[in-house]
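Let me begin by presenting the structure, written as structure tokens, before commenting on it.
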Amino acid sequence: MSDGASDKALAAPPARPVPADLLAGLSVAMVLIPQSMAYAELAGLPSHIGLFASALPPILAALFASSPYLQTGPVALTSLLTFGALASLADPGSADYVALAALLALMVGVTRLLLGLFRLGVVTYLMRDPVVTGFTSAAAILILASQLPKALGTATPPGGVLWRAGWSLGHPGGWETASLAIAATTVLLVLAGRRVVHRMFPGALIAVGGGISVSRLTDYAGPMVGDVPTALPTLSLDLPWGSTGSLLVGGILIALVGFAEPASIARMFADEDGQRWSANREFVSQGVANLAAAVSGSFPVGGSFSRSSLNRLAGARTRWSGLVTGITVLAFLPFADVLAPLPRATLGGVVIAAVVGLVRPRRLLGMARISPADAFVAWVTFFATLALSPRVEQGVLVGILISLAVGLRRRRA
């Protein structure tokens, strides 16, 4: 169920909180802290920027959200799209790159906010499943490939993501045993812990604690996070406004493609619980969250399926749980330097565990039996996304154009 009565007040205050919201919000924050740092690096940013993107955005999103479970912050696909939009404009990790990321977040936020305020949430139904499936699977492969050098501890030559991953795999003599062990253990803790121990098993948090301990107690020589600023984010709109035109298409695409995940999450949970859900209000909440990301100097954010599922499983009942998550991260920032010795291989393992399930070969192959036309759109999007990397947003554009062409042909037939 969507829209209807739930649109009466886009800025309606959250329902009265319950004690379970506190536990749920804290549980999500423990997962979000390492994930956010890993996703910031995936976006080409210093890892601490991920913490900034996990503080104010979920707090602001909670005030406007429609779903009581949706957790906002850095997500893998949006981080990859961010890297694609910015990689050709500045050196990843540089001050210019960080400023461009904040401007991109502002553009994503304005786009989503306008779509919500003008009640254009219906566009969530126009992003056809074949395009999303093809893009998501290709993006997941690219994300996994980007983390392989980090997990293997190899220094790779310049080149594309797939080339660097292939080079790392082809040179086992350069693998760093400790990094490989740390990354593998992290993946095992996150994936096996949820399936074997309990769905709320804090695998990522345990992996972070273990990684820091290994780094401090041994002669670990692999790459580490390094200095982590302990200051709160500085609120500013001193952005490189002259680059607005260069980021316009990327910002709009991230606003639309990146919204597919939170929209599907909120819609699925609403259907299961028999609750109303408003795409328009969710657009507003995600728009405001990205505006908060922009002014706090971070990068585009979205709704996370894994963290939203954890939030619901932990007993969240209202949107206050998201606010608790943001406040927890905000309170952690002055002590963030405890993460300085964290091996980067741990962050690589966190990302690998988070996205490995997004590669869906069975779904791609199964489409051919159900609808050859849909399968064609999905596979074209898949290969275009891989071929056009790091400009993965162009792969989405190709998929949308092919989808429109297929749709027109069907109508004529």
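Per-residue answers, yes or no, for (1) surrounded by 17 or more Cβ atoms within 10 Å (Cβ to Cβ); (2) free of Cβ contacts under 8 Å to residues at least 60 places away in the same chain; (3) touching an Asp or Glu at 6+ places or on another chain (Cβ under 8 Å):
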{"site": "S308", "(1), (2), (3)": "yes, no, no"}
{"site": "R312", "(1), (2), (3)": "yes, no, no"}
{"site": "D337", "(1), (2), (3)": "no, no, yes"}
{"site": "T385", "(1), (2), (3)": "yes, no, no"}
{"site": "R391", "(1), (2), (3)": "yes, no, no"}
{"site": "R411", "(1), (2), (3)": "no, yes, no"}
Item to check | Leading residue by the ranking (nearest to L333 (Cα to Cα)) among those in the range 280-315 that are among the β-branched types (V, I, T) and out of contact with any strand residue (DSSP E or B) (no Cβ under 8 Å at 6 or more places or on another chain) | outcome: V295
Checklist outcome for this item: Residue hits (the range 134-145; in contact (Cβ under 8 Å) with a residue 40 or more places away in the chain and either of a type in the set (D, E, K, R) or surrounded by fewer than 23 Cβ atoms within 10 Å (Cβ to Cβ) (or both)) are S137, A140, I141, L144
Checklist entry - If you go through the range 202-246 one residue at a time, how many are touching a helix residue (DSSP H, G or I) at 6+ places or on another chain (Cβ under 8 Å), among the hydroxyl-bearing types (S, T, Y) and either under 16 Å from M37 (Cα atoms) or surrounded by 11 or more Cβ atoms within 10 Å (Cβ to Cβ) (or both)? => result 5
Next on the checklist: T177 - would you say it is polar (S, T, N, Q), out of contact with any strand residue (DSSP E or B) (no Cβ under 9 Å at 6 or more places or on another chain) and at pLDDT below 95?
Outcome noted: yes
Checklist entry - In the range 320-371, how many are assigned to a helix (DSSP H, G or I) and under 23 Å from I141 (Cα atoms)? => result 23
Item to check | Hits in the range 29-48 (condition: polar (S, T, N, Q) and not in a loop (DSSP other than H, G, I, E, B)) | outcome: Q35, S36
Checklist entry - Among A140, A165, A145, A178, which is the only one that is part of a helix (DSSP H, G or I) and more than 25 Å from L81 (Cα to Cα)? => result A178
Checklist entry - R195: buried (at least 17 other Cβ atoms within 10 Å of the Cβ), farther than 19 Å from P74 by Cα, charged (D, E, K, R) and under 24 Å from the mean Cα position of the chain (by Cα), yes or no? => result no
Checklist entry - Do any helices (runs of 4 or more DSSP H) entirely within the range 198-284 hold 1 or more residues that are of a type in the set (S, T, N, Q) and either at pLDDT 90 or above or within 20 Å of T318 (Cβ to Cβ) (or both), and if so, which? => result 203-217, 244-257
Checklist entry - Of the residues G153, G116, G134, which single one is within 21 Å of S389 (Cβ to Cβ) and more than 15 Å from the chain's Cα centre (by Cα)? => result G134
Item to check | Unique residue being surrounded by 19 or more Cβ atoms within 10 Å (Cβ to Cβ), in contact with a Ser or Thr (Cβ under 9 Å, 6 or more places away or on another chain), more than 19 Å from F52 (Cα to Cα) and hydrophobic (A, V, I, L, M, F, W, C) when the list is F269, F299 | outcome: F269
Checklist entry - Among the residues of the range 278-295, which ones are touching a Ser or Thr at 6+ places or on another chain (Cβ under 9 Å) and surrounded by fewer than 24 Cβ atoms within 10 Å (Cβ to Cβ)? => result N280, V295
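Quick check on Y39: is it among the aromatic types (F, W, Y) and at pLDDT 95 or above?
On the way: among the aromatic types (F, W, Y): yes; at pLDDT 95 or above: yes.
The answer is yes for Y39.
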Checklist entry - Quick one: in the range 44-69, which of the residues that are closer than 27 Å to R267 by Cα and aromatic (F, W, Y) is surrounded by the most Cβ atoms within 10 Å (Cβ to Cβ)? => result Y69
Checklist outcome for this item: Within the range 49-88, residues in contact with a Leu (Cβ under 6 Å, 6 or more places away or on another chain) and assigned to a loop (DSSP other than H, G, I, E, B) come out as S54, A55
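The values are calculated or read from the model by the stated rules, or taken from the named source; none is laboratory data. Everything numeric here is computed off the predicted structure, so don't read it as measured data. No Cβ is skipped: glycine too gets one built from the backbone with ideal geometry, and neighbour counts run over all protein chains shown.
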